Amino acid sequence: MKKVAVLGYGTVGSGVVEVMEQNARFIEQNVGETLEVKYIVDVRDFPDSPHADKMTKDFSIVENDPEVEIVVETIGGAGIAYEFTKRSLQAGKSVITSNKELVAKHGLELLGLAKEKNLNYLFEASVGGGIPIIRPITQCLAANRIDEVYGILNGTTNYILTEMIQNGRSFEDALKNAQALGYAEQNPAADIEGTDACRKISILSDLCYGEEVDPNEVETEGITGVTLDDVKCAASLGYRIKLLGRSVRREEGGISVYVAPHLLPETLLLSRVDGVMNGIVVRGNALGESMFYGAGAGKLPTASAVVADVMDAARHSKRRRDIGWEAASEGHLKDASELESRWYIRAALTPEEAEARYGNVVFAKAVDEEGRIAFLTEKKSGKEIFACGEAESRYRVIEG
Ligand code: HSE
């Protein structure tokens, strides 16, 4: 029997305990031995929980118990979670996490520590919730040179945009619902301002290109500027607005990484990834494009990925998974505004002014509430677009 400790009994942590109990028989058959949650560490009290006997506020009990071989970190953030992860690894315990902030910020160091100690630090749930994406990239697609990875990486914002697109609901109303359903981060700013997607695309970039990307250096725009007018104008052009994280290999070396709302043609599969679902496209030089689709947030989908990592660590307690990346080389991260694409613009211009500034454009049939026009440009770099002057909205177009 292997003993597990769960740090943080919030949405994901409680889901982990639930899945481990509910699927105990399958897990035992698969791993070849029983996995038991010995401790649940949380600063809060849960007197009515059926697991009250396992609860403790004192992490050092876990740290000093040699019976605990695997620690699940579902605290979130990069504060106490960082400290407990390091202390767990130093105490000889493998660590499994869903914490994208910690992996994006300190993954290089924590993976290095795990390697030094011959332990596992696994984080399948940190990107795409329950969608298998870390293992496919590191194992199934290992024979490819990855040229691009992009996708809908945040369930909360996708839920909000879907509600705006399909039901004409307001942003605030849809956000409240996402929070009530347990999708949103503790601080929803991380979702709606794109920070959560930024952390996830940074991790995907680390894995796909083998060098660390500092999330603080990734150009990030969330969905707070997307209006129902944009949704309507985009629809009149045959497009849907989605928040994408995107990471592209540059021909001259290095990569460009950014997060921003995009217009996707209604015919593109990714534009049909709705609600809390995530969709991630990986383009490899042998594979071509492959899309990974599934529940990107929520208690049990995320717990599903965490528990699979726990099982993997239990099966490979003597043989660590060789996942990792190097520190960034000089000039690895290149300016994303050099990338070219078509652009959607909504601006207070006459059609003649729009053509004079932006060249050939395709006008939307709809205008916004103030009578401002919207249009699509031909392919241009971000730099060229920003030089054309002010606009209410400016979003890249992905043609697929
Ligand atoms: N807040 C995140 C989301 C949770 O909405 O996608 C999953 O990482």
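All of the numbers you see were taken from the coordinates with simple rules; none came from a lab. Here the structure is a predicted model, which means the values were calculated and not measured. All Cβ positions, glycine included, derive from the backbone under ideal geometry; neighbour counts span all protein chains shown.
Per residue, the chain reaches -10000 deg cm²/dmol at 222 nm when only DSSP H runs of four or more residues are counted, each adding -39500 (n - 2.57).
What is the sum of charges around P50, taking Lys and Arg as +1, Asp and Glu as -1, for the other residues whose C-beta is under 11 Å from the C-beta of P50?
-3
Segment N30..A327, full-extension length gain: 103.3 nm, with 0.36 nm per residue of separation and the alpha-carbon distance subtracted.
For the pair M291 and M1, how long in nm is the line joining their label points, each one 7 Å along Cα→Cβ? Modelled inter-label distance: 4.6 nm.
Among 388-399, 272-283, 304-315, sorting by the average number of other beta carbon atoms lying within 10 angstrom of each residue, highest first, gives 304-315, 272-283, 388-399.
Are there any trypsin sites (Lys or Arg not before Pro) in the stretch 1-97 that are in a DSSP loop and have at most 16 other Cβ atoms within 10 Å? List them by number.
Here the sparse-neighbourhood loop sites are R44, K57.
The trypsin sites (Lys or Arg not before Pro) of the stretch 132-176 that DSSP puts in a loop, and whose beta carbon has at most 14 other beta carbons within 10 Å, are R145. Describe numerically, in nm with one decimal, the distance between label points set 7 Å from Cα along Cα→Cβ at F386 and at D335. For the pair F386/D335, the computed spacing is 0.7 nm. Relative contact order, whole percent, for the stretch 103-239 stands at 26, derived from Cα pairs under 8 Å and 6 or more residues apart. Here's the list of lysines a cross-link from K318 could span, going by alpha-carbon distance under 17 Å and ignoring same-chain residues fewer than 8 apart: K2, K3, K93, K115, K117. Entry for the stretch 8-56 at q = 0.19, 0.23, 0.26 Å⁻¹: log10 I(q)/I(0) = -0.64, -0.85, -0.99, Debye formula applied to identical alpha-carbon scatterers, no solvent contribution.
Summary value for the stretch 1-115: 28 percent relative contact order, contacts being C-alpha pairs under 8 angstrom separated by 6+ residues. Principal semi-axes of the equivalent ellipsoid, √(5λ) from the alpha carbon gyration tensor of the chain, are 41, 23, 17 Å from largest down.
Lysines near K176 by alpha-carbon distance under 18 Å, same-chain residues fewer than 8 away left out - which ones? Those lysines meeting the cut-off are K299.
For the chain, relative contact order (Cα pairs under 8 Å, six or more residues apart, normalised by length) works out to 18 percent.
Of all beta bridges that DSSP places with both ends in the chain, some 65 percent have antiparallel geometry. Between E399 and L269, full extension at 0.36 nm per residue minus the direct alpha carbon distance yields a gain of 45.7 nm.
For the stretch 215-260, GluC sites (Glu not before Pro) meeting the loop criterion (DSSP other than H, G, I, E, B) and having at most 12 other Cβ atoms within 10 Å: E251, E252.
Starting from the Cα gyration tensor of the stretch 43-167, take the square roots of the eigenvalues, sort them a ≥ b ≥ c, and report rounded, prolate or oblate (rounded when a/c is under 1.5, otherwise prolate if a/b is larger than b/c, else oblate). The shape class here is oblate. Checking the Cα-Cα distances for K105/K242; K38/K200; K334/K365; K86/K334 against a 28 Å cut-off, the pairs over it are K38/K200; K334/K365; K86/K334. Stretching the chain fully between K115 and E369 yields a gain of 85.7 nm (0.36 nm per residue, less the alpha carbon separation).
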